[in-house]
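To start, the structure under review is shown below, and the notes come after it.
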Amino acid sequence: MRIDVSGLSHLKQLESSAVLIGNHMSMMETFLLPSMTRPFGPVTFVVKESLLEYPIFKYIMRSRDPIAVTRTNPRQDLKTVLQEGTRKLQEGTSIIVFPQTTRAHVFDPAQMSTIGVKLAKKANVPIVPIALKTDGWQNGNRLKDFGQLDTGKVAFFSFGQPFLVEGKGEREHERVNHHISSQLAAWS
């Protein structure tokens with residue numbers, strides 16, 4: 001499958017760790033984003049706790065030392081992300097957040113929570129928006145993560161300009177959603 005990556009130069013501009021916020025279409029992002037971002041510094045994810053027990057992937061996910069959330073208690077999950085995330089960011093590790101309720105091949109801004117923006121604000125680090133179009137990796141019939149690859153499609157990764165959160169974060173949340181929406185429209 002061909003992969004088109006743009007905006008990596010924005011990561012070179014970073015003078016600190018950052019919160020990378022993107023849409024989530026497939027497992028491809030989980031595999032490829034660390035290899036793209038790691039040359040610019042350590043990186044980890046916010047993940048579902050269940051992924052740390054998932055066959056095969058558990059070893060990969062655990063090696064990233066992720067921030068694990070339950071997705072059953074939103075208040076506790078937010079507290080975990082803000083506490084552990086702030087600590088990791090202050091130690092120099094950037095954090096990738098997919099704030100949608102689930103993976104989706106169609107982007108719906110209403111499904112994007114503000115958890116990444118809240119984390120960036122609390123830790124006073126920049127946000128880097130990431131638009132992703134990885135729908136060439138289909139969901140599997142038996143196991144969601146083991147679908148077919150459509151080698152006729154191109155996977156797109158677009159890193160946006162870093163920015164800090166000012167005020168309450170509504171404009172920054174919209175800015176992330178705009179980067180994703182506009183890139184997806186351009187790729188269609």
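The values are calculated or read from the model by the stated rules, or taken from the named source; none is laboratory data. All values derive from a computational prediction rather than experimental measurement. Ideal geometry is used to build each Cβ from the backbone, glycine not excepted, and the neighbour counts take in all protein chains shown.
For the range 70-80, the criterion of being part of a loop (DSSP other than H, G, I, E, B) and modelled with pLDDT of 95 or more is met by none of the residues. The one condition from (1) over 26 Å from Arg38 (Cβ atoms); (2) part of a strand (DSSP E or B); (3) hydrophobic (A, V, I, L, M, F, W, C) that Ile130 does not meet is (1).
No other residue among Ser35, Ser50 is surrounded by fewer than 14 Cβ atoms within 10 Å (Cβ to Cβ), modelled with pLDDT under 85 and assigned to a helix (DSSP H, G or I) apart from Ser50. Each residue in the range 81-121 was checked for being surrounded by fewer than 13 Cβ atoms within 10 Å (Cβ to Cβ), within 14 Å of the chain's Cα centre (by Cα) and either part of a helix (DSSP H, G or I) or of a type in the set (D, E, K, R) (or both), and 0 of them qualify.
Of the residues making up the range 166-188, those that are out of contact with any strand residue (DSSP E or B) (no Cβ under 7 Å at 6 or more places or on another chain) and either part of a loop (DSSP other than H, G, I, E, B) or among the aromatic types (Phe, Trp, Tyr) (or both) are Glu166, Gly167, Lys168, Gly169, Ser188.
On inspection, Leu8 qualifies as of a type in the set (A, V, I, L, M, F, W, C) and under 19 Å from Asn177 (Cα atoms).
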